[in-house]
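Following: one structure in structure tokens, then a few remarks.
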Amino acid sequence: MSQVAIRVENLGKQFRIGGRVERYQTLRESLVRKLKGLGRRESSENTFWALRGVSFTVDHGDVVGVIGNNGAGKSTLLKVLSQISEPTEGYADVHGRVSSLLEIGSGFHFELSGRENIYLNGAILGMRRAEIDRKFDEIVAFAGVEKFIDTAVKHYSSGMYLRLAFSVAASLEPEILMVDEVLAVGDIAFQNKCLRKMGQVAGEGRTVILVSHNLSAISSLTKRCILLKHGRVHAAGPTSEIVAMYLRDSATEGSAVAGSREIKDDTLGSLLCELDSEGVNPTIPSTQPIKVRFWFTVKQAVTGLRVGFDLTSGAGPHLFRTYYDDLAENPPELQPGAYAAECTIPPNWLNGGDYYITLRASIHGIRHIIVLERALGFQIVNLAGANAQYGVERPGLLNPTLDWKIEPTDPATLPTISTGSDA
Amino acid sequence: MDTATNSTSPSVALETVGSTAVVRIAPSTGWVSLKLRELWNYRELLYFLTWRDIKVRYKQTALGAAWALIQPFGTMVVFSVFFGKLAKMPSDGIPYPIFTYTALVPWTFFATGLTQSSGSLVGNANLVKKIYFPRLTIPISTVLSGVIDFVLAFVILLGMMAYYGVTPTVNVLWLPALLMLALVTSLGVGLWLCAMNVQFRDVRYVVPFLTQFWMFATPIAYPSSLLHDPWKTVFGLNPMVGVVEGFRWALLGTPAPGGMIAVSSIVAVLGMVSGAFYFRRMEKTFADVV
């Protein structure tokens with residue numbers, strides 16, 4: 001089935017910078033501006049294009065991701081396509097009933113009960129009353145708020161609120177669904193629930209446009225991707241290629257993956273550490289090895305100088321400590337001079353999430369020279385590897401790809417387990 | 001715009017989608033259609049928004065819906081003391097309290113509708129920025145939600161009529177039409193103001209002044225019989241004059257305000273239609289500016 005669901009031609013959206021920054025103007029300002037600019041057009045300095053020359057098509061049943069840095073125009077694109085904001089030039093043809101989800105819980109009123117909010121929010125999202133009646137029980141059950149359905153939403157915990165809001169939105173059955181960063185709220189369990197639902201919607205043959213910073217979600221849910229850059233389509237194609245390109249691109253825009261420090265010490269002169277990986281900075285695909293490189297200078301001969309790092313997860317736990325001389329038979333003796341050391345964190349090993357490197361240098365049994373807490377940070381994103389086919393984050397700090405074997409077996413060969421209590 | 005719609009879409013795409021609607025998203029220029037059909041399709045949303053406004057209006061107030069009565073009733077007491085008793089204002093031979101209260105009931109409906117709807121778009125900014133639906137539903141539902149207050153205040157009016165021994169005439173059958181006239185007037189002004197309010201927050205300072213001024217330009221504390229034709233008919237250019245005198249005519253049996261009502265109705269409808277077009281024209285900027 002390759003019918004066109006959305007055709008976008010040369011779409012552009014211009015904002016007046018003044019209008020954006022000041023949010024709104026007063027009548028006096030407007031009159032003054034009119035008088036000053038009598039007959040003149042708005043100068044181009046006061047405007048900028050949030051989107052320009054954007055063209056693409058989406059076929060029915062396609063699940064397409066839109067990625068890009070903040071300010072690349074992702075949300076503006078979705079707002080234009082969902083008719084919230086009007087384009088300045090170009091056009092888009094949309095074939096089919098559209099629902100857009102730019103935020104969950106828009107239109108929820110805190111003074112109203114859960115029940116009332118389901119009807120109100122459902123109507124706002126474009127559902128018919130009869131449709132809401134029919135899905136009501138399902139919505140309540142999915143949100144798990146049966147007991148509180150007649151309680152005002154203001155008394156809900158934020159988790160309950162999110163679940164209810166999402167479950168109303170999830171009950172929509174549009175032909176075309178546009179979703180913006182909805183997955184970015186709530187705890188991991190909630191996000192996984194959202195992702196599963198999204199995967200289900202995508203699997204039903206609906207057309208979905210998904211904007212997200214969550215590259216794992218984009219990778220597992222979408223087959224095609226559009227990369228926006230400064231309001232233009234930078235690239236479009238298979239998700240794996242586009243995501244890789246995006247990671248490579250953002251690497252060149254630079255952020256701290258190297259840390260260095262002059263050290264006031266008699267033995268250690270300076271210490272520099274750098275992370276190196278394909279598409280580093282600061283997001284690293286879980287499929288890439290990460291090289292941790294050290295350079296340091298030694299001022300005087302020393303035995304037992306240890307240089308290395310601690311790896312900790314953003315959530316706190318300490319994963320491991322390692323030093324360049326871990327595998328040496330005896331404490332090595334270093335002469336004055338410069339040294340380079342390198343170690344590799346293997347691919348398909350760390351789970352998605354934030355990690356920090358704490359630099360450490362010490363002379364064994366004598367003194368600590370320096371501990372640079374969380375000197376470097378990076379983020380792992382699960383693009384492939386264990387469990388990627390399900391598109392949900394796994395708990396745990398590691399997500400190793402371990403060897404598994406499975407084969408059909410003869411029931412007679414099953415080992416019998418005696419529980420002891422059986423007669 | 002129409003030519004663009006027809007020329008660029010490949011006919012293949014149109015055929016394959018069969019009955020599914022195609023929506024063309026493109027820049028609008030100049031005056032745009034009201035899209036009344038779409039508004040009709042969203043009538044359930046209109047209902048839910050109205051119902052929400054009614055439910056929420058008096059939440060967290062100690063006196064609740066009593067406020068719908070206190071406002072017109074309190075004003076009536078003040079007017080009766082100062083204009084009725086002290087200034088000896090003529091009241092077409094009707095007891096002054098009921099004379100002024102009959103006018104205050106539709107007036108309060110009008111003024112509340114105007115005030116609430118002028119701030120309604122800004123008040124619903126979170127919706128406007130995140131979800132697509134016909135924006136006209138917002139001011140319309142806000143004005144409609146005032147009908148409940150009107151009904152409550154009207155019950156008091158019936159009580160007062162019983163107390164003063166006033167029997168309504170058959171003309172009372174015109175009341176729904178007169179209420180409609182008040183609604184149209186309120187919505188017309190509300191549409192203009194709420195669309196302007198998105199860009200110019202001056203509106204919120206203008207509204208209290210406007211309603212106050214308008215109240216004295218309407219025969220609430222005094223009878224329009226102070227004027228004579230043709231000025232009486234000219235007075236009808238203020239649509240609330242027609243509404244107020246219409247209410248008195250229908251309920252209290254004052255002389256029929258024929259010419260005045262005709263003028264008022266024309267002005268009110270013009271106000272609403274122009275307001276709706278202005279609103280639709282400004283609509284494209286709402287989500288970006290609000």
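General remarks:
- Looking across segment B:50-78, the residues that are more than 15 Å from B:A153 (Cβ to Cβ), of a type outside the set (S, T, N, Q) and over 22 Å from the mean Cα position of the chain (by Cα) come down to B:K59, B:A62, B:V78.
- Any chance B:A182 is surrounded by 24 or more Cβ atoms within 10 Å (Cβ to Cβ), in a helix (DSSP H, G or I) and within 14 Å of another protein chain (Cβ to nearest Cβ): no
- Yes/no for A:T252 being surrounded by fewer than 22 Cβ atoms within 10 Å (Cβ to Cβ), among the polar types (S, T, N, Q) and modelled with pLDDT of 80 or more: no
- Taking the conditions (1) within 14 Å of chain A (Cβ to nearest Cβ); (2) outside any helix (DSSP H, G or I) in turn, B:D229 satisfies each one other than (1).
- Of the residues making up segment A:125-135, those that are at pLDDT 90 or above and surrounded by 17 or more Cβ atoms within 10 Å (Cβ to Cβ) are A:I132, A:K135.
- Within segment A:307-351, being over 16 Å from A:H364 (Cα atoms), part of a strand (DSSP E or B) and of a type in the set (G, A, S) holds for A:S313, A:G337, A:A338, A:A340, A:A341.
- Wholly within segment A:49-148, helices (runs of 4 or more DSSP H) carrying at least 3 residues that are away from chain B (no Cβ under 14 Å) and out of contact with any Asp or Glu (no Cβ under 6 Å at 6 or more places or on another chain): A:129-143
- One residue from B:L179, B:L157, B:L144 being in contact with an Asp or Glu (Cβ under 9 Å, 6 or more places away or on another chain), within 21 Å of B:A65 (Cα to Cα) and not hydroxyl-bearing (S, T, Y): B:L144
- Members of segment B:129-154 found to be of a type in the set (A, V, I, L, M, F, W, C), under 23 Å from B:Y278 (Cα atoms) and touching a Ser or Thr at 6+ places or on another chain (Cβ under 7 Å), listed by number: B:I131, B:I138, B:V143, B:L144
- Taking segment B:90-131 as the range and being assigned to a loop (DSSP other than H, G, I, E, B) and touching a residue at least 60 places away in the same chain (Cβ under 8 Å) as the test, the residues that pass are B:P90, B:S91, B:D92, B:I94, B:P95, B:G119.
- Residues of segment A:398-423 classified as assigned to a loop (DSSP other than H, G, I, E, B) and at pLDDT below 85, total: 10
- Segment B:45-89 - residue that is at pLDDT 85 or above, of a type in the set (G, A, S) and part of a helix (DSSP H, G or I) and, of those, surrounded by the fewest Cβ atoms within 10 Å (Cβ to Cβ): B:G74
- Some residue of segment B:237-257 being at pLDDT 90 or above, within 14 Å of chain A (Cβ to nearest Cβ), in contact with a Ser or Thr (Cβ under 8 Å, 6 or more places away or on another chain) and not in a loop (DSSP other than H, G, I, E, B): no
- Every condition in (1) more than 14 Å from chain A (Cβ to nearest Cβ); (2) not small (G, A, S); (3) not in a helix (DSSP H, G or I) is met by B:P134 except one, and the failing one is (1).
- The set of residues in segment A:84-96 that are over 28 Å from the mean Cα position of the chain (by Cα) and of a type outside the set (G, A, S) comprises A:T88, A:E89, A:Y91, A:D93, A:H95.
- Annotation note: Cβ proximity below 7 Å between a residue of segment B:162-191 that is among the polar types (S, T, N, Q) and a residue that is outside any helix (DSSP H, G or I) (sequence gap 6+ or interchain) occurs for B:T169/B:G253.
The values are calculated or read from the model by the stated rules, or taken from the named source; none is laboratory data. Being a predicted model, the structure only gives us computed values, none of them experimental. Every residue, glycine among them, receives a Cβ derived from its backbone with ideal geometry; neighbour counts consider all protein chains shown.
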